[in-house]
Amino acid sequence: MDLLLVLATPLAGALVLAFFGAHRRAPEINVAFSLVVFAAACALSVRVVMHGAATFGDDQFFVDPFNVFLVALTAFVGLTTALFSRPYMRIEMADRRMTSGRLRLYHAMYQLFIGTMLLALTTNNLGLMWVAMEAATLSTVLLVSLYRTPASLEAGWKYFILCGVGIAQALFGTILLYIAAEKVLGAEGVSALLWTHLDAVKGQLEPRVLSIAFVFLLVGYGTKVGLVPLHNWLPDAHAEGPTPISAVLSGLLLNVAIYAVVRCKVLVEGSLHSAWPSAMLMGFGLASVVVASFSLWRQRDIKRLFAYSSIEHMGIITFAFGMGGPVANFAALLHMTVHSLTKSAIFFSAGHAAQKSGSQSIEQIRGLATISPTVGWGLMIGSLAILGVPPFGVFASEFLILTTAMRDHPWATPILLVCFAVAFAAILARVQPMVFGDTKMRRLPHSPALVPVFVHLGIVLLLGLFVPPFLASWYHAAARLIGGG
Amino acid sequence: MPPIPFVMQLLNSLAALLLLLSFAMLAQRRVVTLVNLFALQGGVLCAATLLLAWRTGDGNLYLSAALTFAVKVLVMPWVLHRMIRRLGVYWDTEPLLNIPGTMLVGVLLVVFSFGLAQPISALASTATRSAVGIAIAVILLAFLTMITRRKAMSQVVGFLSMENGLFFGAMSATYGMPMIVELGVALDVLVAMVVMGVFFFQIREQFDSLDLDRLESHKGER
């Protein structure tokens, strides 16, 4: 019942908002639907806490500790982003950057996007997961090019073609997985693509076919994660779309893509009895960290800056899953959570900062602390949090990842440390003048609603000091499930 | 060596035809002909599915043959032709790599595909397993078509042709994916078509051209 509500509410919301998306109260309708989804996700989480993992609807859907926390996170960030987008979109309308037609498209697609992500997370069928991932891309393509500027059209087209091609590779990987599974599970019924069934027989799957399948799956879903060298679409897509979309793309979609990669990795590694899938994850992850942290120095656009930071963090998470073992997996899961919360908070502040200055160019944004202290401090604290300054949760997860790397893969530690330092210097050097620089602008009248920013950062701070026991037990269970190391 | 049944021979020649059409698409610069070749490829795919359905008596395969016919032979080529007429894009510009060069790379890709297909077809239980290599080749050739073209329209046809290859691969190695997955994939492809159409008009409105060269250097980087 709660699962049905989680999946059906966004779809219903998309339908309703497709007709009333430009209504005066449409932002509130959007929030209402997101609230229902969040409540249902909470109920689902409580159920998993009480009764453990479960499957639904003829094994077609399932929740376990690995995906339930992502469902809750997705529903939560979906809700706060809807709250943030309410005043944000009103200002965009007042600035005449949005028309009512575009607003309708935006609202309907926002709900559809959240719905497809939740479907990708909860489905047990790997084929359906692919369908949902592709649908998540398609529902955001037109939002990236929403402003119809040359740059946003380029971004939308790139996003569409690169992710389309990437995800086609993932489909081929899924087909190969099906071929191998059909041998063991039989073609009758559809059980040959159900993850829980595959997981039970993973030792019997033909290893050579599975290794080819993994290459295609990693390249395919890796394109969506934004792993180097398949990351080209990501900065454009995150920079050009409306800010609420940047926040959910960066905070949620990348997590869902990583989730898909890790699910596949568990199966393949169980079949191969060798660690090369992990080695590939480590390689791609490390390459992403290196390229992204050095690319930070070339950025002139505030949203591109943080988009590259997302690539860096996705690299860190992929690297940690590649190392495997209880500690690294725990840290990777924690990092997924805190990155998602922190990055969306940063995009909220950055969006308002760009609105106040009338430009996304870093050089045009100056002295936020005088123009609008809440936005300025939100951006500053968010940046410090994402850079891994101690009391915040990002520090905890990065510290765990670094110490595990030091123990298991000492060669990687200096590379990671240098990259963290480079990213620290690059981001701080750009954020500091934006917040504290001199400005001739006066303090602006409308105060933005930044409650979501501080709620997110508050949770990240809490997670840095104390991980609640139910969350820790989920992380531990999921880490055992993912294995490796 | 036992004689190969006639149906299998027919299926294998259809597979060969599919590969031939991929090469023809790789060499074709007229956008209208490209779309016609794509429609023909869909037709061959549909025929192969029907043949296989008749041989195995699998009801799902009849359904997916009908789906292929409706989507890939009728709807998509019709939509693409309409777009070509309304947007007035008839020729692609000179491809990034000249055509003989592209063909050579294509031949290498085919050799590579057959190497890659070896372990997969060894595992597949179906009668058509020799076609797996061709399916991979079609996918990679479509990929090559996308890389070497500059017009948005040709890239899209390449993308759709890649989907044909994927479908053929699934069919020849396992007699098709579970129905719900196949329906979902078809839905996604249809929605992708709509999104592309919207995109074409937006790009056209903004740049007065569908030449993707104009889409460069709008980045906020140094």
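The values are calculated or read from the model by the stated rules, or taken from the named source; none is laboratory data. Please read all numbers here as calculations on a predicted model, not as lab measurements. Note: ideal-geometry Cβ built from the backbone for every residue, glycine included; neighbour counts use all protein chains shown.
Does region A:138-148 hold any residues that are in a helix (DSSP H, G or I) and within 9 Å of another protein chain (Cβ to nearest Cβ), and which are they? Quick ask: steps written out before the conclusion?
Going residue by residue through region A:138-148, those that are in a helix (DSSP H, G or I) are A:138-144.
Passing the criteria: A:Leu138, A:Ser139, A:Val141, A:Leu142.
Output the residue which, of all residues in region B:158-178 that are more than 8 Å from chain A (Cβ to nearest Cβ) and aliphatic (A, V, I, L, M), is nearest to B:Leu140 (Cα to Cα).
Step by step, filter region B:158-178, then rank; the result is B:Leu160.
Per-residue answers, yes or no, for (1) under 23 Å from the mean Cα position of the chain (by Cα); (2) over 17 Å from A:Phe347 (Cα atoms):
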| site | (1), (2) |
| --- | --- |
| A:Ser45 | yes, yes |
| A:Gly52 | no, yes |
| A:Asp58 | no, yes |
| A:Asn67 | yes, yes |
| A:Leu70 | yes, yes |
| A:Thr74 | yes, no |
| A:Gly78 | yes, no |
| A:Phe84 | yes, no |
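Could you give me the residue pairs with C-beta distances under 8 Å whose first residue belongs to region A:33-57 and is under 13 Å from A:Phe76 (Cβ atoms), whose second residue is aromatic (Phe, Trp, Tyr) wherever it lies, and which are 6+ apart or on separate chains?
Short answer, once both residue conditions are applied: A:Phe38/A:Phe76; A:Ala41/A:Phe76; A:Ser45/A:Phe69.
Here is a list: A:Thr81, A:Thr55. Which entry is at pLDDT 90 or above and more than 14 Å from chain B (Cβ to nearest Cβ)?
Result: A:Thr81 is the single residue among A:Thr81, A:Thr55 that is at pLDDT 90 or above and more than 14 Å from chain B (Cβ to nearest Cβ).
Conditions tested, residue by residue: (1) over 23 Å from A:Met133 (Cβ atoms); (2) in a helix (DSSP H, G or I); (3) free of Cβ contacts under 8 Å to residues at least 12 places away in the same chain; (4) of a type in the set (Gly, Ala, Ser).
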residue	(1), (2), (3), (4)
B:Phe112	yes, yes, no, no
B:Leu140	no, yes, no, no
B:Met146	no, yes, no, no
B:Gln155	no, yes, no, no
B:Gly165	no, yes, no, yes
B:Gly169	no, yes, no, yes
B:Leu187	no, yes, yes, no
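Only one residue in B:Ala70, B:Ala65 is in a helix (DSSP H, G or I), of a type outside the set (D, E, K, R) and loosely packed, with under 15 Cβ neighbours inside 10 Å, so which one is that?
None of the others qualify; the one that does is B:Ala70.
Within the set of pairs 6+ apart or on separate chains, which have a first residue in region A:293-321 that is within 14 Å of another protein chain (Cβ to nearest Cβ) and under 21 Å from A:Val256 (Cβ atoms), a second that is in a helix (DSSP H, G or I) and polar (S, T, N, Q), and C-beta atoms under 6 Å apart?
These pairs meet every condition: A:Lys303/A:Ser246; A:Tyr308/A:Ser295; A:Ile311/A:Ser288.
Just to be sure I understand, how many residues within region A:292-307 are part of a helix (DSSP H, G or I) and either in contact with a Gly (Cβ under 7 Å, 6 or more places away or on another chain) or at pLDDT 95 or above (or both)?
Looking only at that region, the number is 2.
Going residue by residue through region A:208-227, is there one that turns out to be surrounded by fewer than 24 Cβ atoms within 10 Å (Cβ to Cβ) and more than 13 Å from chain B (Cβ to nearest Cβ)?
no
For the condition under 23 Å from the mean Cα position of the chain (by Cα), within 12 Å of chain B (Cβ to nearest Cβ) and either over 13 Å from A:Gly241 (Cα atoms) or in a helix (DSSP H, G or I) (or both), what is the one hit in A:Met89, A:Met109?
Among A:Met89, A:Met109, only A:Met109 is under 23 Å from the mean Cα position of the chain (by Cα), within 12 Å of chain B (Cβ to nearest Cβ) and either over 13 Å from A:Gly241 (Cα atoms) or in a helix (DSSP H, G or I) (or both).
Which is within 18 Å of the chain's Cα centre (by Cα) and touching a residue at least 60 places away in the same chain (Cβ under 8 Å), of A:Ala354, A:Ala275, A:Ala350, A:Ala328?
A:Ala350
When you check A:Val375 against the structure, is it assigned to a loop (DSSP other than H, G, I, E, B) and of a type in the set (A, V, I, L, M), yes or no?
So A:Val375 does not fit the description; no.
Is at least one residue of region B:78-94 more than 14 Å from the chain's Cα centre (by Cα), of a type in the set (A, V, I, L, M, F, W, C) and in a loop (DSSP other than H, G, I, E, B)?
Yes; the residues of region B:78-94 include at least one that is more than 14 Å from the chain's Cα centre (by Cα), of a type in the set (A, V, I, L, M, F, W, C) and in a loop (DSSP other than H, G, I, E, B).
Tell me which residues, restricted to region A:153-174, are among the polar types (S, T, N, Q) and either at the interface with chain B (Cβ under 7 Å from one of its Cβ atoms) or under 21 Å from the mean Cα position of the chain (by Cα) (or both). So that I can check it myself, show each step before the final result.
Filtering region A:153-174 down to residues among the polar types (S, T, N, Q) leaves A:169, A:174.
Passing the criteria: only A:Gln169.
Exactly one condition in (1) buried (at least 22 other Cβ atoms within 10 Å of the Cβ); (2) touching a Leu at 6+ places or on another chain (Cβ under 8 Å) is false for A:Pro448; which is it?
In the conditions (1) buried (at least 22 other Cβ atoms within 10 Å of the Cβ); (2) touching a Leu at 6+ places or on another chain (Cβ under 8 Å), A:Pro448 misses (2) alone.
Can you find a residue in region A:319-329 that is crowded, with 24+ Cβ neighbours inside 10 Å, more than 28 Å from A:Met280 (Cβ to Cβ) and aromatic (Phe, Trp, Tyr)?
No, every residue in region A:319-329 fails to be crowded, with 24+ Cβ neighbours inside 10 Å, more than 28 Å from A:Met280 (Cβ to Cβ) and aromatic (Phe, Trp, Tyr).
How many residues are surrounded by 23 or more Cβ atoms within 10 Å (Cβ to Cβ) and assigned to a helix (DSSP H, G or I) when one looks only at region A:382-397?
So the answer is 7.
Can you go through A:Tyr147, A:Tyr178 and tell me which one is touching a Pro at 6+ places or on another chain (Cβ under 9 Å) and closer than 18 Å to B:Glu163 by Cβ? Spell out how you get there, then give the answer.
Details: A:Tyr147 fails: closer than 18 Å to B:Glu163 by Cβ.
The match here is A:Tyr178.
One line per residue, one yes/no per condition, for (1) more than 14 Å from chain A (Cβ to nearest Cβ); (2) at pLDDT 85 or above; (3) within 30 Å of A:Lys183 (Cβ to Cβ); (4) touching a His at 6+ places or on another chain (Cβ under 6 Å):
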| site | (1), (2), (3), (4) |
| --- | --- |
| B:Met83 | yes, no, no, no |
| B:Arg86 | yes, no, no, no |
| B:Tyr90 | yes, no, no, no |
| B:Thr102 | yes, yes, no, no |
| B:Val111 | yes, yes, yes, no |
| B:Gln118 | no, no, yes, no |
| B:Ala124 | no, no, yes, no |
| B:Thr128 | no, no, yes, no |
| B:Ala135 | no, yes, yes, no |
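Would you tally the residues in region A:32-58 being part of a helix (DSSP H, G or I) and either surrounded by 18 or more Cβ atoms within 10 Å (Cβ to Cβ) or touching a Pro at 6+ places or on another chain (Cβ under 8 Å) (or both)?
10
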